[in-house]
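Shown next, in structure tokens, is the structure this report addresses.
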Amino acid sequence: MALLWLTQGVGWAAEATTDASEAFTTPSLTLERSDGNLLLTARFRLALPTVVEDALQKGIPIYFLARAELLRERWYWTKRSVTTAQRRTRLAYHPLTRRWRLTTGSGDMTEATQGLTLGQNFESLDDAMAAVRGISRWKIAEDTNIESGVKHLVTFSFELDTSQLPRPLQIGTLGQSDWALDVNLSQPLEPERSK
């Protein structure tokens with residue numbers, strides 16, 4: 001009896017682990033409305049190419065660009081863009097401290113915007129990439145942008161921003177698929193329920 005109970009417990013644990021790993025590897029995009037804003041939460045798989053990892057280990061910061069677009073569907077023409085939101089993430093390795101620094105902010109990351117960013121330190125690249133692979137409750141639009149009674153679609157893309165690399169690397173990455181890193185997700189926006 002105890003052996004049967006132990007076997008079932010191991011089976012349940014293995015099943016829970018499989019469900020958790022499948023949930024993590026399956027890309028997801030969730031939209032929610034809160035306090036007059038449209039918020040986006042995204043989880044996706046992202047493996048860095050070897051070339052990008054080598055550049056990071058040599059101390060070259062890598063930039064990622066997340067873009068969300070709210071589209072209004074039209075029956076007579078293509079979808080019309082209502083609003084677009086962008087978010088940049090900078091990942092850098094500091095050899096002296098042996099730490100990974102992840103900085104997230106909106107728009108271009110210049111010295112002037114350093115006060116408008118969120119910085120986090122990580123012990124390993126895996127920990128830093130786990131933070132890169134998830135975006136939580138990102139404000140992409142306001143309720144005033146959303147017309148009632150009209151279908152809307154939200155598209156989300158996440159890519160490597162090679163325009164922020166040092167100039168010699170920018171030239172070297174032209175036409176190379178090793179530097180291509182692209183995630184695309186979309187989700188229809190459910191109409192707001194009447195209260």
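General remarks:
- Out of GLU123, GLU111, sole residue that is over 20 Å from the mean Cα position of the chain (by Cα), modelled with pLDDT of 90 or more and open to solvent by 70 Å² or more (accessible area, probe 1.4 Å): GLU123
- If you filter segment 78-96 down to residues that are assigned to a strand (DSSP E or B) and among the charged types (D, E, K, R), you find that the one that is nearest to LEU125 (Cα to Cα) is ARG90.
- Residue, farthest from LEU160 (Cα to Cα), within segment 34-93, restricted to residues that are among the hydroxyl-bearing types (Ser, Thr, Tyr) and in contact with a helix residue (DSSP H, G or I) (Cβ under 7 Å, 6 or more places away or on another chain): THR83
- Only one entry in LEU71, LEU102 is assigned to a strand (DSSP E or B), under 21 Å from MET129 (Cα atoms) and at pLDDT 85 or above, namely LEU102.
- Of all residues in segment 141-159 being assigned to a strand (DSSP E or B) and either polar (S, T, N, Q) or within 17 Å of PRO27 (Cβ to Cβ) (or both), the one that is modelled with the lowest pLDDT: GLU159
- Identity of the residue in segment 17-56, open to solvent by 80 Å² or more (accessible area, probe 1.4 Å) and modelled with pLDDT of 90 or more, that ends up nearest to PRO191 (Cα to Cα): ASP35
- Checking each residue of segment 83-92 against the condition of being open to solvent by 40 Å² or more (accessible area, probe 1.4 Å), at pLDDT below 90 and under 29 Å from GLU190 (Cβ atoms) gives no match.
The values are calculated or read from the model by the stated rules, or taken from the named source; none is laboratory data. Not measured: the values here are computed from a predicted model. Every residue, glycine among them, receives a Cβ derived from its backbone with ideal geometry; neighbour counts consider all protein chains shown. Heavy atoms of the whole protein, side chains included, go into the accessibility calculation; ligands, DNA and RNA do not. Shrake-Rupley method; radii C 1.70, N 1.55, O 1.52, S 1.80 Å.
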